[in-house]
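The block underneath contains the structure these notes are about, expressed in structure tokens.
The values are calculated or read from the model by the stated rules, or taken from the named source; none is laboratory data. Note that the structure is predicted; figures quoted are calculated from it, not measured. Here the Cβ is made from the backbone with ideal geometry for all residues, glycine too, and neighbour counts use every protein chain on show.
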Amino acid sequence: MESELHSIGELARASGLGVGTLRYYDGAEVLAPAWVDPQTGYRWYRPGQLADARLLARLRRVGLPLAGIRAVLGAAPGSGEARRVLDAHLRRLEDGLTDARRELSLIRVMIDQRERPMTATPAESRLTVRSEELAAALDAVRFAVGGGPEAPALAGVLFEPDGPVLRLVATDRHRMALAELPASADPSTGSAAAAGVIVPTALVDALRALLGSAAEGPTGVALTLGGGLVRAETGGHRIEGTALDFDYPDHRAVTRLEPEHRIGLSAAELRTAVENGATRTLPSGPHGAECAVTVLALTADGGLTVADDGTASDAPRVAVNRDFLLDALRAGRPEQLVLELGGPIAPLAIRTPGRDGTFSVLMPVRMPEPVGSSE
């Protein structure tokens, strides 16, 4: 019999697997020898098992877990089970690579900040904006303001002068909202590209209340930012307060989006679909609290639908916190929207046509393997 079989050493050399590895997979009931000598305990393998051993070696190289290796080697010919296991593993690898790229991007920003500290900026920046445009920008970002003892820098809105525009940014780390409006800088304060100032939430709300009547007409608002203070003057009224003395997160690291799909649709219709559509309860809120999650899926005709994620599907989709999504859809009361999808673990961008610098970004919720998955 031994003349018709391969010894464990021969199989190891022919397959690239070590003798100890072959013993391990025998014990794991993945690749059992055809015969074990009862006297010596030596393992012998059929010639046909060489192909399985070589396949096993390659499955190990791509990091397929033990259960997946067992499923591939034990799959019935023609069942498609082996391919389903490999496809699921490839998706996990791609998801992990995307996560790693995102983290490395943020790490590079942090390293750049350590190696090239910001130089001194002008003590203050004075600029003028239109009241109705500032009111609209505040309405577009206010819903995303964060805060709390663990993230005091997020308890306000970043006012960031950038050349001819003023950019407003708010985030609670689960979502981010940005809005841009034209701004005219006072030449005496130097470049308008000054450092950003975090305006605390209470002062943001007071400013929006001040603009309540002024926003009905084309009134100018004079803003003074910097030196630890924030001041706004319009229509003979003035409010001022102390800016938050923290470093604001780098929004550019999150908003450098590369969407694969852009879908235009009615804001009212999407709100109705989300309000009435299926949800799942998952840990998707602050501090890992369980919240309702909405799954948005691309339809065959290029539209968007609220999906029931109870079954496996190849349609591009993304899962987001339902309440956060509704907040973003209501912000600024848009009539039309453009949603940008980059994949199940990429942020979802919600834009208003004609306002390129004003949009929201929602962090995706990682979904468990749907029913119908191979593992």
>> Which numbered condition in (1) modelled with pLDDT of 85 or more; (2) in contact with a strand residue (DSSP E or B) (Cβ under 9 Å, 6 or more places away or on another chain); (3) closer than 21 Å to Arg173 by Cβ is the only one that Pro344 fails?
In response: (1)
> When you look at Asp205, is it modelled with pLDDT of 90 or more and either surrounded by fewer than 17 Cβ atoms within 10 Å (Cβ to Cβ) or not assigned by TED's automatic domain parsing to the domain that holds Leu158 (or both), yes or no?
Replying inline: yes
> Pro38 fails exactly one of the following numbered conditions: (1) closer than 30 Å to Gly96 by Cα; (2) exposed (fewer than 11 other Cβ atoms within 10 Å of the Cβ). What is the number of that condition?
Replying inline: (1)
>> Take Val109 and tell me if it is in contact with a helix residue (DSSP H, G or I) (Cβ under 7 Å, 6 or more places away or on another chain), modelled with pLDDT under 90, outside any loop (DSSP other than H, G, I, E, B) and not assigned by TED's automatic domain parsing to the domain that holds Arg175.
In response: yes
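To keep it simple, each residue is scored yes or no on (1) over 18 Å from the mean Cα position of the chain (by Cα); (2) in the same structural domain as Gly96 (by TED's automatic domain parsing); (3) in a helix (DSSP H, G or I); (4) modelled with pLDDT of 85 or more.
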| position | (1), (2), (3), (4) |
| --- | --- |
| Gly302 | yes, no, no, no |
| Ala328 | no, no, yes, yes |
| Met367 | no, no, no, no |
| Ser374 | yes, no, no, no |
>> Of everything in region 27-52, what is under 42 Å from the mean Cα position of the chain (by Cα) and assigned to a helix (DSSP H, G or I)? Give them in sequence order.
In response: Gly27, Ala51, Asp52
